[in-house]
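Only one structure is covered here, and it is reproduced in the block below.
The values are calculated or read from the model by the stated rules, or taken from the named source; none is laboratory data. Owing to the predicted nature of the structure, the values given are computational and were not obtained by experimental measurement. Here the Cβ positions follow ideal geometry from the backbone for every residue, glycine too, while neighbour counts run over all protein chains shown.
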Amino acid sequence: MLLVQNVSKLYRLYRTPFDRIRELNPFRRTPLHTDFWALRDVSFSVDRGEIVSLIGPNGCGKSTLLQIVSGILQPSRGRVVTRGRIAALLELGAGFNPEFSGRENVFINGEIMGISRAEMDRNLSSIEAFAEIGEFIDRPVKEYSSGMYVRLAFSTAIHVNPDILVVDEALAVGDAVFANRCVRKFEELREKNTTVLFVSHDLGLVKQLSRRAIFLLNGQIAAEGEPRHVIDKYIGLVLERQKAFQTNRDARLAASNRHGDGSSEIVDVALLDASGKRCGVVSSGERVTIRIRTVFHRPRLEPMVGILIRNRIGMDVYGTNTNIENSHLGSFEAGEEVEIDFQFACWLTPQHYTITVATQHGDGSSHDWLDDVVSFEVLSMRQAAGVADLRANISWRKAVATESAYPA
């Protein structure tokens, strides 16, 4: 069981480290800090065997709350009551010594949890099998990839038989196979009456795993209840912020990475729903349009325009361009503009995706390339593994037993 009562967390923010010392002067009357409430009067409870998810934008207090629940931070006000052993996976590699091998780190984590070496030795084969890092179990963890790191950390956390498991967005680092394995493990933990509190930006995973969701905003609970209703409120906030961003942004689009020779410039990218309105949330199977508007700064003959959709772990899901689709654009003079629509039925599985767009020369070199310029969520009442929902039709029949080809 987990009980959070009126928990608040206050941080004092100083402009410089020296201001912290200056403020100790007993003759100073004016403070040199500003108060920042990371959490304010947060209260909820999680029953035994219940899986509860925390959602909300970055900086809303989710990680701070999990650290308080795990005992890493002390609240400024309020209290947290827990019953049973807590296992926490809060940061990639937290609690692992990079110089030690994976095997050594497993035993060290067990000792920290108060578990005997004999018990951890019995669990080791299950931990290795779940993590699937092979011979690297005896290599220093500093040599691990981020995926190997989190697989071993998660596997260790769930195999110490915790009464309460706290997970902070750790599954975002794993691949699709590992993510599906974790989903099945969460369902096993629920059957074993393990209490789970986890943070995720994967709204499809939230709907699939949890029976209750809590939406944190500015350090306070903005909504709590059935995941689909709470997610709707969260998405509403995302859309409002996206609309404000579209209205107030600079002339150049924001992207995680932008490059090219500048012979043309992409001035607008929009994801449109079936009615032609900008959207940030798509239902699986809904017909959508990616609209790209670009202006040419130098004359160009037969330019290409392309799109690329990636999932939350950066895997390329789908990409195409005007040349692949045999849509040749002709020639453009400096100052001319073109608007390209890519239309398709979005049969993607529920999770977070980004759109990368580019204008290019015929040889593939870029005029203007924008990574992850638009993000969107796919929602569906139907669950499917991977990234594509191929809507398989199932037929079945009883097989007729055949006699053995060899005599008895």
Within the range 135-147, of all residues that are modelled with pLDDT of 85 or more and assigned to a helix (DSSP H, G or I), the one nearest to residue 89 (Cα to Cα) is 141
Please go through (1) crowded, with 17+ Cβ neighbours inside 10 Å; (2) under 22 Å from the mean Cα position of the chain (by Cα) for residue 257 and return the number of the only condition it doesn't satisfy. (1)
Of the residues 374, 357, only one is within 26 Å of residue 146 (Cα to Cα), in contact (Cβ under 8 Å) with a residue 24 or more places away in the chain and part of a strand (DSSP E or B); which? 374
Show the residue pairs that are 6+ apart or on different chains and have beta-carbon atoms under 6 Å apart, the first residue being within the range 278-289 and of a type in the set (Lys, Arg), the second being part of a strand (DSSP E or B) and at pLDDT 90 or above. 278/270; 287/345
Residue count, the range 57-85 (criterion: crowded, with 20+ Cβ neighbours inside 10 Å, more than 14 Å from residue 200 (Cα to Cα) and either among the aliphatic types (A, V, I, L, M) or touching an Asp or Glu at 6+ places or on another chain (Cβ under 8 Å) (or both)): 2
Among the candidates 53, 43, 70, 101, which residue alone is touching a Gly at 6+ places or on another chain (Cβ under 8 Å), among the small types (Gly, Ala, Ser) and assigned by TED's automatic domain parsing to the domain that holds residue 217? 43
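Among 314, 362, 306, 386, which is in a strand (DSSP E or B) and either surrounded by fewer than 19 Cβ atoms within 10 Å (Cβ to Cβ) or out of contact with any Leu (no Cβ under 7 Å at 6 or more places or on another chain) (or both)?
Numbers: 314 fails: in a strand (DSSP E or B); 362 fails: in a strand (DSSP E or B); 386 fails: in a strand (DSSP E or B).
Residue meeting the stated conditions: 306.
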Failed item, numbered, when residue 323 is tested on (1) in contact (Cβ under 8 Å) with a residue 40 or more places away in the chain; (2) surrounded by 17 or more Cβ atoms within 10 Å (Cβ to Cβ); (3) over 30 Å from residue 180 (Cα atoms): (1)
Which listed residue, of 365, 331, 327, is of a type in the set (Ser, Thr, Tyr) and modelled with pLDDT under 90: 365
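At pLDDT below 85 and either out of contact with any Ser or Thr (no Cβ under 9 Å at 6 or more places or on another chain) or not assigned by TED's automatic domain parsing to the domain that holds residue 269 (or both): is that true of residue 251 in this structure?
yes
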Based on this model, can you work out whether residue 18 counts as aromatic (Phe, Trp, Tyr) and surrounded by 19 or more Cβ atoms within 10 Å (Cβ to Cβ)? no
Output the number of the condition that residue 392 fails; it satisfies all remaining conditions of (1) free of Cβ contacts under 8 Å to residues at least 24 places away in the same chain; (2) within 25 Å of residue 273 (Cβ to Cβ). (2)
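In the range 365-383, how many are out of contact with any strand residue (DSSP E or B) (no Cβ under 8 Å at 6 or more places or on another chain) and either buried (at least 20 other Cβ atoms within 10 Å of the Cβ) or within 17 Å of residue 207 (Cβ to Cβ) (or both)?
Taking the range 365-383 first, the residues out of contact with any strand residue (DSSP E or B) (no Cβ under 8 Å at 6 or more places or on another chain) are 365, 381-383.
Then drop every residue that is not either buried (at least 20 other Cβ atoms within 10 Å of the Cβ) or within 17 Å of residue 207 (Cβ to Cβ) (or both), which leaves 381-383.
Counting residues in the range 365-383 that are out of contact with any strand residue (DSSP E or B) (no Cβ under 8 Å at 6 or more places or on another chain) and either buried (at least 20 other Cβ atoms within 10 Å of the Cβ) or within 17 Å of residue 207 (Cβ to Cβ) (or both) gives 3.
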